[in-house]
Amino acid sequence: MAAAGETPVILVKGVTKVYSMGHNEVRALRGVDLTVHLGEMLAVIGASGSGKSTLMNILGCLDAPTSGSYHLDGVRVETLDKNQLADLRNHKIGFVFQGFNLLARTSALENVELPLLYDRSGRSRDTRAMAMRALERVGLGDRADHHPSELSGGQQQRVAIARALVTEPKLLLADEPTGNLDSRTSVEIMALFQELNDQGITILLVTHEHDIVSYAKRSVEVRDGRIIHDDAVADRHVATDDLARAEDLELAVTA
């Protein structure tokens with residue numbers, strides 16, 4: 001529950017997005033309102049073409065709405081120029097992608113350190129130590145020198161999450177973060193997201209998988225460019241409990 005007077009992390013009002021395709025117009029978003037407060041864990045779900053990816057791009061300051069307003073942690077996004085947007089993304093948002101987006105010839109530690117190298121604030125910081133702390137936070141402190149090819153898919157996604165966390169953002173945006181993972185590894189990643197959320201990190205993830213939605217606190221469904229449902233998740237799953245049950249079942253089968 002948000003405190004009285006608390007500034008929302010996300011405040012979207014009447015947002016539309018129209019793309020021109022030759023002589024035709026595609027209305028990807030049709031008047032979206034969305035408020036996300038500090039400490040929430042929200043899943044946005046929708047079929048291909050529903051508008052959820054367009055909404056994610058706008059929330060991530062990667063695209064601008066055609067109309068309406070978007071405030072990110074109190075800052076009105078659509079009034080900013082490209083450099084201001086880049087700074088806002090770097091300071092306020094951590095991104096996690098389906099494809100991990102790690103540099104292949106770079107160690108886990110150097111991949112995590114990368115966002116800090118784009119900080120133009122002039123602050124003097126030990127970026128290597130900050131990157132190591134982020135890796136330790138996701139349980140990969142002992143893999144700092146490994147390259148992506150030496151890591152499993154789940155470990156690569158943990159490196160990507162550490163990279164998203166290293167700037168201490170207000171918001172973690174995850175776009176299909178389990179899309180390239182098997183079922184068990186997906187639950188392990190959701191356990192990590194739940195742990196981070198319990199520590200106070202605001203998380204918004206986009207998914208098409210209903211079982212992944214069950215690990216969030218709130219579910220928002222997008223269809224035809226509109227939000228059609230925005231509800232608390234009923235019967236929310238605890239990922240660590242699901243992992244423990246799976247391990248018990250495996251032991252019973254092998255006994």
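THR35 fulfils the conditions (1) in a strand (DSSP E or B); (2) more than 20 Å from PRO169 (Cα to Cα) except for a single criterion, (2). With respect to (1) in a loop (DSSP other than H, G, I, E, B); (2) closer than 27 Å to LEU165 by Cβ; (3) over 19 Å from the mean Cα position of the chain (by Cα), the lone exception for PRO65 is condition (2).
Here is the figure for the stretch 80-125: residues that are under 23 Å from ALA144 (Cβ atoms), part of a loop (DSSP other than H, G, I, E, B) and modelled with pLDDT of 90 or more total 7.
Only one of the numbered conditions (1) crowded, with 16+ Cβ neighbours inside 10 Å; (2) over 18 Å from the mean Cα position of the chain (by Cα) is violated by ARG30, and that is (1).
Summed over the stretch 68-79, the residues that are part of a loop (DSSP other than H, G, I, E, B) and closer than 22 Å to LYS217 by Cβ give a count of 1.
Counting only strands (runs of 3 or more DSSP E) that fall entirely inside the stretch 153-255 and contain at least 3 residues that are under 20 Å from PHE97 (Cβ atoms), the qualifying elements are 171-175, 202-207. Filtered by the rule that a residue be charged (D, E, K, R) and over 18 Å from GLU195 (Cα atoms), the stretch 143-158 gives ARG143, ASP145, GLU150.
The values are calculated or read from the model by the stated rules, or taken from the named source; none is laboratory data. Note that the structure is a prediction, hence the values are computed from the model and not measured. Cβ: placed from backbone, ideal geometry, glycine included. Neighbour counts: every protein chain shown.
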